[in-house]
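The values are calculated or read from the model by the stated rules, or taken from the named source; none is laboratory data. Worth saying up front: this structure is predicted, and the values here are computed from it rather than measured. Methodologically, a virtual Cβ is constructed for each residue, glycine included, from the backbone with ideal geometry; neighbour enumeration extends over all protein chains shown. When the accessible area is computed, the model is the full protein with side chains, heavy atoms only, and any ligands, DNA or RNA have been set aside. Shrake-Rupley method; radii C 1.70, N 1.55, O 1.52, S 1.80 Å.
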Protein chains: 2
Amino acid sequence: MTRTPSQAQDSDNDALPRQQRTYTIGELAQIFEVTPRTIRFYEQEGLLAPSRQGQKRIYREKDRVRLKLTLRGKRLGFSLAEIREVVMMYDAMPDGNARQLKRLLELLAEKRANLERQLEDIRLMRLEIDDVDQRARDVLRQLEDTP
Amino acid sequence: MTRTPSQAQDSDNDALPRQQRTYTIGELAQIFEVTPRTIRFYEQEGLLAPSRQGQKRIYREKDRVRLKLTLRGKRLGFSLAEIREVVMMYDAMPDGNARQLKRLLELLAEKRANLERQLEDIRLMRLEIDDVDQRARDVLRQLEDTP
DNA sequence: CAAGCACTTTACGTTAACGTAAACCTCGTC
DNA sequence: GACGAGGTTTACGTTAACGTAAAGTGCTTG
């Protein structure tokens, strides 16, 4: 894996500043611990649009960020359709008409409300977990104290 | 819908203290805005175990709480399998052996870690939403200022 | 007693989000 | 020039979480 300076072409990719770096599908997959299949699927669903070099997909910084946001959305239980909706409107923003923009604002408010409810859900679930945890420890101590 | 006192049997259910109240499947479904099918499915998956009266399901306070917790878990993106795992261990707690209890504690720690990551995800997603929101408002103002 | 609810079981259908397998390119390397 | 490591497309398979439809049960109400 040692590198001779004459090897050139377009390697040394990971030494480049982030904005110029590119990734193969396998690299991205490793980084985010998903399979290439997943990444291709997201493209098919309109969440990613990498450029090509021949028939190979080339991912740039923008694509990496998109993937990151997508996976974050997934961890929060959003469907790919929901995620796409926001992402696409975001992209359409610069030249969006007023109606589109207002729709986007509505969408954002929706998502925000959703997140707030999740926060509350997390708060409550934490309390319950702490409670169960405490009771489990009690029982366990009981068991170990009286053999 | 007026009620004669002689109607009796076991009606007036909703006037009872919570701990004694019972629910039909339809009532529970209304309360939580899910379909009866969903509730039956959760039972089939081992998340609920209502008693019967003839062949009709009778839900008690305990079942209602379970359903509530289940739905909360769902909103947070947990699978029914994950939820069941915790719920069943919780039930097995009183007479659980040490190994089981320790396993339960592990499970709880896992869930907690999961929640923490979700909290962070929510925090980040909020920031992004706020950002997009701001930019959308800017563009919109631009549009309305220059007709 | 017929009609209408609300419940029941059984069973097949559906959708989202990938997994898996086959068959094919295209490099750099031995 | 064979080959192995990655990439590609195409297509069928799988799982979770219900939806939907059919056919039957049981009460109470006009």
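For residue B:117, indicate whether it is at pLDDT 95 or above and part of a helix (DSSP H, G or I). Walk me through how you get there before you give the answer.
Numbers: at pLDDT 95 or above: yes; part of a helix (DSSP H, G or I): yes.
Yes.
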Kindly indicate the residue of segment A:87-108 that is within 8 Å of chain B (Cβ to nearest Cβ) and part of a helix (DSSP H, G or I) and also farthest from residue B:73 (Cα to Cα) among those meeting that condition. A:98
What is the residue count in segment B:91-130 for residues that are within 15 Å of residue A:111 (Cβ to Cβ) and open to solvent by 80 Å² or more (accessible area, probe 1.4 Å)? 3
Can you tell me which residue within segment B:66-86, out of those that are at the interface with another protein chain (Cβ under 10 Å from one of its Cβ atoms) and under 15 Å from residue B:39 (Cα atoms), is surrounded by the fewest Cβ atoms within 10 Å (Cβ to Cβ)? B:68
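Could you tell me whether residue B:141 is open to solvent by 70 Å² or more (accessible area, probe 1.4 Å), out of contact with any Ser or Thr (no Cβ under 9 Å at 6 or more places or on another chain), at the interface with another protein chain (Cβ under 9 Å from one of its Cβ atoms) and part of a helix (DSSP H, G or I)? Spell out how you get there, then give the answer.
Details: open to solvent by 70 Å² or more (accessible area, probe 1.4 Å): yes; out of contact with any Ser or Thr (no Cβ under 9 Å at 6 or more places or on another chain): yes; at the interface with another protein chain (Cβ under 9 Å from one of its Cβ atoms): no; part of a helix (DSSP H, G or I): yes.
The answer is no for residue B:141.
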Within segment B:55-86, count every residue that is assigned to a helix (DSSP H, G or I) and within 14 Å of DNA strand D (Cβ to nearest atom). 17
I want to confirm something. Restricting to segment B:76-90 and keeping residues that are within 15 Å of DNA strand C (Cβ to nearest atom) and touching a Leu at 6+ places or on another chain (Cβ under 7 Å), which single residue is nearest to residue B:104 (Cα to Cα)? B:80
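Filter segment A:35-48 down to residues that are among the aliphatic types (A, V, I, L, M) and either loosely packed, with under 12 Cβ neighbours inside 10 Å or within 12 Å of DNA strand D (Cβ to nearest atom) (or both) and give me whichever is farthest from the other protein chains (Cβ to nearest Cβ).
Looking at the filtered set, the residue picked out is A:39.
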Give me the pairs: first residue in segment A:37-51 and over 19 Å from residue A:92 (Cα atoms) and touching a residue at least 60 places away in the same chain (Cβ under 8 Å), second residue within 11 Å of DNA strand C (Cβ to nearest atom) and not hydroxyl-bearing (Ser, Thr, Tyr), beta-carbon distance under 9 Å, and six or more apart or on different chains, which are they? none
Here are some conditions: (1) open to solvent by less than 30 Å² (accessible area, probe 1.4 Å); (2) farther than 25 Å from residue B:123 by Cα; (3) within 16 Å of DNA strand C (Cβ to nearest atom); (4) in contact with a Leu (Cβ under 6 Å, 6 or more places away or on another chain). Residue A:59 meets all but one. Which one does it not meet? (3)
